[in-house]
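A.B. asks: Here it is: the structure, laid out below.
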Amino acid sequence: MAILEPVVVAGSTISKTTLHNEDFIKEKDLKIGDHVLIQKAGDVIPEVVKVLKEKRNGTEKEFEMPKKCPVCGAEAVREEGEAAVYCIGIECKARNLRNIIHFASKEGMNIEGLGEKIVEQLLENKLIETIADIYYLKQEDIETLKKDGKKFAKNLIDAIEQSKNNDLDRLICALGIRHIGTKSAKTLAREFRTIDNLMNASLEDLALVEDIGEITAKSIYEFFKQDQTKDLINKLKKANVNMKLLQNEKTDNRFEGKTFVLTGSLEKYTRDEASKIIEDFGGKTSSSVSKKTDFVLAGEEAGSKLTKAESLGIKIISEQEFEEMIK
Ligand SMILES: [Zn+2]
(Lines give C-alpha, C1' and ligand atoms only; values in the text may rest on other atoms or scores of the structure.)
Protein backbone atom coordinates (compact mmCIF):
# COMPACT_ATOMS: atom_id res chain seq x y z
CA MET A 1 0.00 0.00 0.00
CA ALA A 2 0.97 3.57 -0.54
CA ILE A 3 0.10 5.75 2.44
CA LEU A 4 -0.88 9.18 1.14
CA GLU A 5 -1.60 12.56 2.54
CA PRO A 6 -5.39 12.50 2.41
CA VAL A 7 -6.85 13.94 -0.76
CA VAL A 8 -10.40 14.14 -2.07
CA VAL A 9 -10.97 12.27 -5.33
CA ALA A 10 -14.39 12.02 -6.93
CA GLY A 11 -16.14 12.78 -3.69
CA SER A 12 -14.24 10.59 -1.23
CA THR A 13 -11.11 11.03 0.82
CA ILE A 14 -8.25 8.80 -0.26
CA SER A 15 -5.37 8.08 2.09
CA LYS A 16 -4.17 4.72 0.74
CA THR A 17 -3.78 3.10 -2.64
CA THR A 18 -2.72 -0.33 -3.67
CA LEU A 19 0.78 -0.81 -5.04
CA HIS A 20 0.23 -4.49 -5.94
CA ASN A 21 3.81 -5.73 -5.58
CA GLU A 22 7.50 -4.94 -5.73
CA ASP A 23 7.59 -4.92 -9.54
CA PHE A 24 4.84 -2.34 -9.74
CA ILE A 25 6.83 -0.02 -7.46
CA LYS A 26 9.96 -0.49 -9.57
CA GLU A 27 8.09 -0.08 -12.82
CA LYS A 28 6.58 3.22 -11.70
CA ASP A 29 9.91 4.25 -10.16
CA LEU A 30 8.12 5.16 -6.93
CA LYS A 31 10.06 6.56 -4.01
CA ILE A 32 9.06 7.24 -0.45
CA GLY A 33 8.06 10.93 -0.23
CA ASP A 34 7.03 11.23 -3.88
CA HIS A 35 4.07 13.19 -5.18
CA VAL A 36 1.82 10.93 -7.20
CA LEU A 37 -1.08 11.22 -9.57
CA ILE A 38 -3.88 8.88 -8.52
CA GLN A 39 -7.17 7.76 -9.99
CA LYS A 40 -10.00 5.56 -8.95
CA ALA A 41 -9.84 2.53 -11.19
CA GLY A 42 -13.35 1.59 -12.20
CA ASP A 43 -14.21 4.36 -9.74
CA VAL A 44 -13.64 2.11 -6.72
CA ILE A 45 -10.08 1.13 -5.90
CA PRO A 46 -7.68 4.03 -6.04
CA GLU A 47 -4.40 3.46 -7.83
CA VAL A 48 -1.22 5.29 -8.65
CA VAL A 49 -1.08 6.43 -12.26
CA LYS A 50 2.36 7.99 -12.21
CA VAL A 51 5.00 9.75 -10.19
CA LEU A 52 5.26 13.50 -10.52
CA LYS A 53 9.03 13.54 -10.83
CA GLU A 54 9.15 17.30 -11.39
CA LYS A 55 8.03 17.71 -7.78
CA ARG A 56 11.02 15.78 -6.36
CA ASN A 57 13.38 17.75 -4.12
CA GLY A 58 16.01 15.12 -3.42
CA THR A 59 14.67 13.97 -0.05
CA GLU A 60 12.75 11.05 -1.57
CA LYS A 61 13.95 7.63 -0.51
CA GLU A 62 14.26 4.39 -2.42
CA PHE A 63 11.82 1.74 -1.24
CA GLU A 64 13.36 -1.55 -0.29
CA MET A 65 11.33 -4.67 0.21
CA PRO A 66 12.06 -6.03 3.72
CA LYS A 67 14.28 -9.11 3.72
CA LYS A 68 12.72 -10.26 6.99
CA CYS A 69 9.07 -10.48 7.94
CA PRO A 70 8.18 -7.31 9.88
CA VAL A 71 5.90 -9.30 12.17
CA CYS A 72 8.02 -12.30 13.13
CA GLY A 73 11.52 -11.71 11.76
CA ALA A 74 11.63 -14.88 9.65
CA GLU A 75 13.01 -14.78 6.14
CA ALA A 76 10.80 -13.05 3.56
CA VAL A 77 11.19 -14.95 0.31
CA ARG A 78 10.38 -14.06 -3.25
CA GLU A 79 10.69 -16.92 -5.67
CA GLU A 80 11.70 -16.82 -9.28
CA GLY A 81 8.79 -16.07 -11.54
CA GLU A 82 6.58 -14.82 -8.71
CA ALA A 83 5.61 -11.28 -7.84
CA ALA A 84 4.74 -11.76 -4.19
CA VAL A 85 7.03 -11.94 -1.18
CA TYR A 86 6.21 -14.47 1.51
CA CYS A 87 7.10 -14.81 5.17
CA ILE A 88 8.19 -18.40 5.76
CA GLY A 89 7.91 -18.30 9.55
CA ILE A 90 5.81 -21.25 10.65
CA GLU A 91 5.02 -19.57 13.98
CA CYS A 92 4.44 -16.10 12.52
CA LYS A 93 1.54 -14.34 14.20
CA ALA A 94 0.43 -12.80 10.92
CA ARG A 95 0.12 -16.24 9.36
CA ASN A 96 -0.99 -18.30 12.35
CA LEU A 97 -4.57 -18.81 11.37
CA ARG A 98 -3.76 -20.16 7.93
CA ASN A 99 -0.80 -22.21 9.12
CA ILE A 100 -2.83 -23.89 11.83
CA ILE A 101 -5.81 -24.59 9.57
CA HIS A 102 -3.53 -26.19 7.01
CA PHE A 103 -1.71 -28.18 9.69
CA ALA A 104 -4.96 -29.71 10.91
CA SER A 105 -6.48 -30.17 7.46
CA LYS A 106 -7.20 -33.43 5.63
CA GLU A 107 -3.98 -33.24 3.64
CA GLY A 108 -2.11 -32.39 6.81
CA MET A 109 -2.49 -34.04 10.21
CA ASN A 110 -6.15 -34.72 9.52
CA ILE A 111 -7.44 -33.59 12.92
CA GLU A 112 -11.18 -33.92 12.65
CA GLY A 113 -13.12 -31.10 14.26
CA LEU A 114 -10.26 -28.63 14.06
CA GLY A 115 -11.64 -26.52 11.23
CA GLU A 116 -11.33 -22.86 10.45
CA LYS A 117 -13.99 -21.67 12.86
CA ILE A 118 -12.63 -23.50 15.87
CA VAL A 119 -9.06 -22.45 15.10
CA GLU A 120 -10.28 -18.84 14.93
CA GLN A 121 -11.97 -19.20 18.29
CA LEU A 122 -8.96 -20.86 19.88
CA LEU A 123 -6.74 -18.03 18.67
CA GLU A 124 -9.18 -15.32 19.74
CA ASN A 125 -9.45 -16.81 23.20
CA LYS A 126 -5.67 -17.14 23.37
CA LEU A 127 -6.00 -20.86 23.99
CA ILE A 128 -3.42 -21.42 21.27
CA GLU A 129 -0.82 -19.19 19.69
CA THR A 130 1.18 -21.52 17.49
CA ILE A 131 0.70 -24.94 15.93
CA ALA A 132 2.39 -26.78 18.75
CA ASP A 133 -0.10 -25.39 21.29
CA ILE A 134 -2.74 -27.66 19.77
CA TYR A 135 -1.07 -30.55 21.53
CA TYR A 136 -1.31 -28.86 24.91
CA LEU A 137 -5.02 -28.06 24.75
CA LYS A 138 -7.17 -29.31 27.57
CA GLN A 139 -10.67 -30.63 27.27
CA GLU A 140 -11.97 -27.98 29.69
CA ASP A 141 -10.58 -25.22 27.46
CA ILE A 142 -12.37 -26.49 24.38
CA GLU A 143 -15.65 -27.10 26.17
CA THR A 144 -16.05 -23.39 26.79
CA LEU A 145 -16.10 -22.64 23.06
CA LYS A 146 -19.43 -24.27 22.37
CA LYS A 147 -22.74 -24.60 24.05
CA ASP A 148 -22.92 -28.15 25.39
CA GLY A 149 -19.39 -28.56 24.15
CA LYS A 150 -18.47 -31.59 26.23
CA LYS A 151 -18.78 -34.21 23.54
CA PHE A 152 -17.20 -32.00 20.93
CA ALA A 153 -14.27 -31.28 23.22
CA LYS A 154 -13.73 -34.95 24.00
CA ASN A 155 -13.79 -35.90 20.30
CA LEU A 156 -11.40 -33.14 19.41
CA ILE A 157 -8.95 -34.10 22.13
CA ASP A 158 -9.13 -37.71 20.89
CA ALA A 159 -8.51 -36.62 17.31
CA ILE A 160 -5.54 -34.50 18.37
CA GLU A 161 -4.16 -37.41 20.37
CA GLN A 162 -4.60 -39.76 17.43
CA SER A 163 -2.79 -37.43 15.07
CA LYS A 164 0.40 -37.98 17.07
CA ASN A 165 0.63 -41.40 15.46
CA ASN A 166 0.39 -40.14 11.90
CA ASP A 167 3.00 -41.26 9.46
CA LEU A 168 5.85 -38.90 8.60
CA ASP A 169 4.46 -37.78 5.23
CA ARG A 170 1.42 -36.25 6.92
CA LEU A 171 3.59 -34.20 9.22
CA ILE A 172 5.76 -33.02 6.32
CA CYS A 173 2.69 -31.99 4.34
CA ALA A 174 1.11 -30.33 7.39
CA LEU A 175 4.04 -27.96 7.78
CA GLY A 176 2.86 -26.12 4.68
CA ILE A 177 6.27 -25.80 3.06
CA ARG A 178 5.81 -24.00 -0.22
CA HIS A 179 5.42 -26.37 -3.20
CA ILE A 180 5.04 -29.44 -0.98
CA GLY A 181 1.77 -31.33 -1.35
CA THR A 182 0.74 -34.85 -0.39
CA LYS A 183 2.67 -36.50 -3.16
CA SER A 184 6.00 -34.78 -2.64
CA ALA A 185 5.60 -35.16 1.15
CA LYS A 186 5.39 -38.92 0.61
CA THR A 187 8.50 -38.88 -1.55
CA LEU A 188 10.39 -36.91 1.08
CA ALA A 189 9.25 -39.20 3.89
CA ARG A 190 10.38 -42.27 1.97
CA GLU A 191 13.68 -40.69 1.08
CA PHE A 192 14.66 -39.22 4.44
CA ARG A 193 12.76 -41.47 6.87
CA THR A 194 12.94 -39.03 9.83
CA ILE A 195 12.21 -35.36 10.23
CA ASP A 196 15.75 -34.84 11.55
CA ASN A 197 17.25 -36.30 8.39
CA LEU A 198 15.07 -34.04 6.31
CA MET A 199 15.87 -31.04 8.47
CA ASN A 200 19.62 -31.65 8.13
CA ALA A 201 19.57 -32.41 4.43
CA SER A 202 21.76 -30.21 2.27
CA LEU A 203 20.40 -28.33 -0.69
CA GLU A 204 22.18 -30.83 -2.95
CA ASP A 205 20.63 -33.82 -1.15
CA LEU A 206 17.19 -32.32 -1.61
CA ALA A 207 17.65 -31.42 -5.24
CA LEU A 208 18.71 -35.00 -5.99
CA VAL A 209 15.40 -36.44 -4.83
CA GLU A 210 13.18 -37.65 -7.63
CA ASP A 211 10.43 -35.19 -8.55
CA ILE A 212 11.85 -32.46 -6.32
CA GLY A 213 13.01 -29.60 -8.51
CA GLU A 214 15.50 -26.90 -7.69
CA ILE A 215 12.91 -24.36 -6.55
CA THR A 216 11.20 -26.87 -4.27
CA ALA A 217 14.53 -28.03 -2.86
CA LYS A 218 15.40 -24.45 -2.04
CA SER A 219 12.04 -23.86 -0.43
CA ILE A 220 12.44 -26.94 1.82
CA TYR A 221 15.99 -25.98 2.71
CA GLU A 222 15.08 -22.39 3.61
CA PHE A 223 12.09 -23.54 5.62
CA PHE A 224 14.06 -25.89 7.86
CA LYS A 225 16.79 -23.30 8.38
CA GLN A 226 14.39 -20.97 10.20
CA ASP A 227 14.60 -20.85 13.99
CA GLN A 228 10.81 -20.94 14.13
CA THR A 229 10.75 -24.26 12.29
CA LYS A 230 13.29 -25.77 14.67
CA ASP A 231 11.32 -24.43 17.61
CA LEU A 232 8.09 -25.93 16.32
CA ILE A 233 9.65 -29.32 15.61
CA ASN A 234 11.13 -29.40 19.11
CA LYS A 235 7.78 -28.62 20.69
CA LEU A 236 6.08 -31.30 18.58
CA LYS A 237 8.72 -33.81 19.61
CA LYS A 238 8.09 -32.98 23.26
CA ALA A 239 4.40 -33.60 22.68
CA ASN A 240 5.30 -37.05 21.29
CA VAL A 241 4.22 -36.40 17.74
CA ASN A 242 5.65 -39.11 15.51
CA MET A 243 8.74 -37.94 13.60
CA LYS A 244 9.67 -41.00 11.57
CA LEU A 245 8.51 -43.19 8.72
CA LEU A 246 6.21 -45.83 10.12
CA GLN A 247 5.61 -47.95 7.07
CA ASN A 248 7.46 -51.16 7.66
CA GLU A 249 10.08 -52.21 5.20
CA LYS A 250 8.16 -53.21 2.15
CA THR A 251 8.18 -56.94 1.61
CA ASP A 252 5.52 -57.18 -1.03
CA ASN A 253 6.35 -55.10 -4.06
CA ARG A 254 4.04 -56.81 -6.50
CA PHE A 255 3.22 -53.54 -8.25
CA GLU A 256 6.77 -52.35 -8.55
CA GLY A 257 7.34 -50.43 -11.79
CA LYS A 258 3.62 -50.38 -12.54
CA THR A 259 1.65 -47.20 -13.01
CA PHE A 260 -2.06 -47.07 -12.35
CA VAL A 261 -4.60 -44.45 -13.34
CA LEU A 262 -7.85 -44.32 -11.40
CA THR A 263 -11.07 -43.19 -12.98
CA GLY A 264 -14.71 -43.19 -12.01
CA SER A 265 -15.91 -44.04 -8.52
CA LEU A 266 -15.18 -47.31 -6.80
CA GLU A 267 -17.58 -49.07 -4.53
CA LYS A 268 -15.34 -50.12 -1.69
CA TYR A 269 -12.53 -47.60 -1.78
CA THR A 270 -12.08 -43.89 -2.08
CA ARG A 271 -9.48 -42.83 -4.63
CA ASP A 272 -7.05 -42.06 -1.83
CA GLU A 273 -7.50 -45.49 -0.30
CA ALA A 274 -7.00 -47.27 -3.61
CA SER A 275 -3.92 -45.15 -4.33
CA LYS A 276 -2.50 -46.00 -0.96
CA ILE A 277 -2.93 -49.73 -1.57
CA ILE A 278 -1.18 -49.41 -4.93
CA GLU A 279 1.66 -47.45 -3.38
CA ASP A 280 1.98 -49.87 -0.48
CA PHE A 281 2.60 -52.60 -3.02
CA GLY A 282 5.30 -50.51 -4.63
CA GLY A 283 3.25 -49.14 -7.52
CA LYS A 284 2.64 -45.60 -8.65
CA THR A 285 -0.47 -43.68 -9.49
CA SER A 286 -0.79 -40.97 -12.08
CA SER A 287 -3.60 -38.58 -12.84
CA SER A 288 -3.48 -38.93 -16.60
CA VAL A 289 -3.43 -41.79 -19.06
CA SER A 290 -0.40 -42.13 -21.31
CA LYS A 291 1.60 -44.85 -23.04
CA LYS A 292 3.42 -45.33 -19.75
CA THR A 293 0.21 -46.32 -17.96
CA ASP A 294 0.05 -50.04 -17.13
CA PHE A 295 -3.46 -50.27 -15.72
CA VAL A 296 -6.53 -48.12 -15.69
CA LEU A 297 -8.72 -48.96 -12.73
CA ALA A 298 -12.18 -48.00 -13.89
CA GLY A 299 -15.09 -47.56 -11.51
CA GLU A 300 -18.62 -46.38 -12.09
CA GLU A 301 -19.10 -43.53 -14.49
CA ALA A 302 -15.55 -43.59 -15.77
CA GLY A 303 -15.07 -40.80 -18.27
CA SER A 304 -12.56 -39.60 -20.81
CA LYS A 305 -9.64 -41.44 -19.20
CA LEU A 306 -11.32 -44.71 -20.00
CA THR A 307 -11.83 -43.71 -23.62
CA LYS A 308 -8.21 -42.67 -23.89
CA ALA A 309 -7.02 -45.93 -22.31
CA GLU A 310 -9.08 -47.89 -24.82
CA SER A 311 -7.62 -45.95 -27.73
CA LEU A 312 -4.08 -46.55 -26.46
CA GLY A 313 -4.76 -50.22 -25.83
CA ILE A 314 -4.01 -50.02 -22.12
CA LYS A 315 -5.26 -52.74 -19.83
CA ILE A 316 -8.45 -51.71 -18.11
CA ILE A 317 -9.36 -53.41 -14.86
CA SER A 318 -12.55 -53.43 -12.86
CA GLU A 319 -12.80 -53.09 -9.11
CA GLN A 320 -13.30 -56.87 -8.86
CA GLU A 321 -10.15 -57.51 -10.86
CA PHE A 322 -8.28 -55.04 -8.71
CA GLU A 323 -9.39 -56.90 -5.60
CA GLU A 324 -8.04 -60.13 -7.09
CA MET A 325 -4.73 -58.42 -7.75
CA ILE A 326 -4.33 -57.23 -4.17
CA LYS A 327 -5.37 -60.43 -2.44
ZN1 LIG B 1 6.23 -13.60 9.66
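A.B. asks: Rounded to whole Hz and in sequence order, give me ³J(HN,Hα) for the stretch 272-289 from the Karplus expression 6.51 cos²θ - 1.76 cosθ + 1.60, θ = phi - 60°, writing x for Gly and Pro.
C.D. replies: Those phi angles translate into 4, 5, 4, 4, 5, 4, 4, 5, 4, 8, x, x, 10, 10, 9, 8, 10, 7 Hz.
A.B. asks: Rank 98, 193 by accessible area, highest first, at a 1.4 Å probe radius?
C.D. replies: 98, 193
A.B. asks: Could you list which residues have their amide H under 5 Å from that of residue 212, counting only those 5 or more apart in sequence or on another chain, with H placed in the peptide plane?
C.D. replies: Distant-sequence amide H within range of residue 212: zero hits.
A.B. asks: Still on this structure, please answer the following. Where the centre of each part is set by its Cα atoms, how far does the stretch 152-227 sit from the stretch 107-136, in angstrom?
C.D. replies: 19
A.B. asks: Turning to a different aspect of this structure: How much solvent-accessible surface does residue 280 expose, in Å² to the nearest 10, with a 1.4 Å probe and all protein chains in place?
C.D. replies: 60
A.B. asks: For residue 86, what accessible surface area do you get with a 1.4 Å probe? Give it in Å², rounded to 10.
C.D. replies: 80
A.B. asks: Related question: Set the Förster radius R0 to 56 Å, insert the Cβ-Cβ distance between residue 273 and residue 57 as r into 1/(1 + (r/R0)^6), and round the FRET efficiency to 0.05.
C.D. replies: Plugging the Cβ-Cβ distance into 1/(1 + (r/R0)^6) gives 0.25.
A.B. asks: Grab the beta carbon distance between residue 45 and residue 318, set R0 = 51 Å, and tell me the FRET efficiency rounded to 0.05.
C.D. replies: In this case the efficiency is close to 0.40.
A.B. asks: Whose amide H sits under 5 Å from the amide H of residue 50, counting only residues 5 or more places off or on another chain, with H placed in the peptide plane?
C.D. replies: For residue 50, whose amide H was placed from the backbone, the distant partners under 5 Å are 37.
A.B. asks: Residues in the stretch 3-22 near a label at residue 38, defined as backbone nitrogen under 14 Å from the 7 Å Cα→Cβ point?
C.D. replies: 3-20
A.B. asks: What does the accessible area of residue 87 come to, in Å² to the nearest 10, when a probe of 1.4 Å is used?
C.D. replies: For residue 87, the solvent-accessible surface is approximately 20 Å².
A.B. asks: List the residues, sorted by chain then number, that are 5 or more residues from residue 88 or on another chain and whose placed amide H is less than 5 Å from its amide H.
C.D. replies: 75, 77
A.B. asks: Enumerate the calculated ³J(HN,Hα) couplings along the stretch 220-226 in order (Karplus 6.51 cos²θ - 1.76 cosθ + 1.60, θ = phi - 60°), each rounded to whole Hz, writing x wherever the residue is Gly or Pro.
C.D. replies: So the J values, rounded to whole Hz, are 5, 4, 4, 4, 6, 6, 5.
A.B. asks: I've got another one for you. Hey, what's the Cα Rg ratio for the chain versus the globular rule of thumb, 2.2 N^0.38 Å?
C.D. replies: In units of the 2.2 N^0.38 Å rule of thumb, it is 1.28.
A.B. asks: What distance in nm lies between label points placed 7 Å from Cα along the C-beta direction at residue 196 and residue 286?
C.D. replies: Label-label distance for residue 196 and residue 286, simple model: 3.9 nm.
A.B. asks: May I ask for the longest run of the chain untouched by GluC sites (Glu not before Pro) that are loop-located per DSSP and have at most 10 neighbouring C-beta atoms (other than their own) within 10 Å?
C.D. replies: The longest uninterrupted stretch comes out as 81-209.
A.B. asks: Subtract the Cα-Cα distance of residue 80 and residue 117 from 0.36 nm times their separation in residues, and report this length gain in nm to one decimal.
C.D. replies: Difference between extended and current length: 9.9 nm.
A.B. asks: Now for a different question. What's the extension gain from residue 161 to residue 27 if we count 0.36 nm per residue and subtract their Cα-Cα distance?
C.D. replies: Length gained between residue 161 and residue 27: 43.1 nm.
The values are calculated or read from the model by the stated rules, or taken from the named source; none is laboratory data. None of these values were measured; they are calculated from a predicted model. No Cβ is skipped: glycine too gets one built from the backbone with ideal geometry, and neighbour counts run over all protein chains shown. Side chains included, ligands, DNA and RNA excluded: accessible areas come from the protein's heavy atoms. Shrake-Rupley method; radii C 1.70, N 1.55, O 1.52, S 1.80 Å.
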